[in-house]
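Working notes, beginning with the structure itself.
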Amino acid sequence: MPKEKMNIVVFSGDMDKVLAAFIIATTAASMGMEVNMFFTFWGLNVLRKKKFTSGKNVLQKMMNAMNRGGSARLPLSKFNMLGLGPALMKTMMKRSKMPSLPELIQTAKDLGVKFTACTTTFSFMGFAKDDFIDGVDAYAGAATFLGEVMDGRVSYFI
Amino acid sequence: MNTVNKDVTLDCYGLLCPMPIIKVAQKIKGLKVGQVLEVIATDEGIRTDLPAWCKMTGHEFLGVQEVNGEFHALIKKTKE
């Protein structure tokens, strides 16, 4: 029997939404499914290294200084309160013995979840491959993702 | 369920979803076919999560019992 396949578009760069995406991804991988995660738009922040600025021109540099990357410092979609919300949330998660987002990302990698970064967002935001973590398996466009979707059973957009 | 011999025990005490399932998936790899894994967890989700995991992976779910707020579940490894 071929492996069941799950495809997840990670559009959001909000910590809470990305956590949900990774909980589904790691669980699916643990259940023996092949999982592809396609990161686009704000979702690319999950795969970015913690770095002050990136970009090739002034607009991109300004944008990327405000749109901070790094999985450990994503904002919350609600109650962000200039970063106080995520800090409180992380403490609460730790007390409940929940893995942090960076830990879940590592678990996903260990379980063989494939990460694809969207080349369109990558280019218009002026990123360089050096801005991204090592776990990125591929840089590709929508057609590649749709190709995966066609022979997958489940697709999510988060 | 009490008559089944358990070969390995996995402690998932205090862990929330999805950690118990991830740990089970990792642990079962080290077992031999026919061996029974006991999972002890406090997250009630394990009641339905483990049978669902077994259904997808093909391992045999032998049951779950609640003992003083802890859930003791048994799984038999049926294939490599």
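Rule-based calculations on the coordinates, nothing more; no lab input. Not measured: the values here are computed from a predicted model. Heads up, the Cβs are rebuilt from the backbone with ideal geometry, glycines too, and the neighbour counts pull from every protein chain shown.
Restricting attention to region B:1-56, and to residues there that are touching a residue at least 60 places away in the same chain (Cβ under 8 Å) and closer than 15 Å to B:LYS77 by Cβ, which single residue is farthest from the other protein chains (Cβ to nearest Cβ)?
The selected residue is B:VAL4.
Is it true that A:LYS114 is within 14 Å of chain B (Cβ to nearest Cβ), within 24 Å of A:THR144 (Cβ to Cβ), crowded, with 16+ Cβ neighbours inside 10 Å and not aliphatic (A, V, I, L, M)?
Values: within 14 Å of chain B (Cβ to nearest Cβ): no; within 24 Å of A:THR144 (Cβ to Cβ): yes; crowded, with 16+ Cβ neighbours inside 10 Å: yes; not aliphatic (A, V, I, L, M): yes.
Criteria not met by A:LYS114.
Could you list, in sequence order, all residues of region A:110-135 that are part of a helix (DSSP H, G or I), farther than 25 Å from A:GLN60 by Cβ and in contact with a strand residue (DSSP E or B) (Cβ under 8 Å, 6 or more places away or on another chain)? First the steps, then the outcome.
Let us first name the residues in region A:110-135 that are part of a helix (DSSP H, G or I), namely A:110, A:119-124, A:129-131.
Filter once more, keeping what is farther than 25 Å from A:GLN60 by Cβ: A:110.
Those that are part of a helix (DSSP H, G or I), farther than 25 Å from A:GLN60 by Cβ and in contact with a strand residue (DSSP E or B) (Cβ under 8 Å, 6 or more places away or on another chain): none in region A:110-135.
For region A:88-101, what are the residues that are assigned to a helix (DSSP H, G or I) and surrounded by 14 or more Cβ atoms within 10 Å (Cβ to Cβ)? Walk me through it before giving the result.
Applying the first criterion (assigned to a helix (DSSP H, G or I)) to region A:88-101 yields A:88-95, A:101.
Within region A:88-101, A:MET89, A:LYS90, A:MET93, A:LEU101 qualify.
Out of all the residues in region A:122-139, is one or more under 25 Å from A:ASN36 (Cβ atoms), surrounded by fewer than 18 Cβ atoms within 10 Å (Cβ to Cβ) and within 14 Å of chain B (Cβ to nearest Cβ)?
no
What's the total number of residues in region B:1-56 that are of a type in the set (Gly, Ala, Ser) and farther than 19 Å from A:ALA29 by Cβ? Please lay out each step first, then the result.
Within region B:1-56, the first condition is being of a type in the set (Gly, Ala, Ser), and the residues that meet it are B:14, B:25, B:30, B:34, B:41, B:45, B:52.
Now narrow it down to the ones that are farther than 19 Å from A:ALA29 by Cβ: B:14, B:34, B:41.
Final tally of qualifying residues: 3.
Out of the residues in region A:6-55 meeting the condition of being touching a strand residue (DSSP E or B) at 6+ places or on another chain (Cβ under 9 Å), in contact (Cβ under 8 Å) with a residue 60 or more places away in the chain and among the β-branched types (Val, Ile, Thr), tell me which one is surrounded by the fewest Cβ atoms within 10 Å (Cβ to Cβ).
A:ILE24
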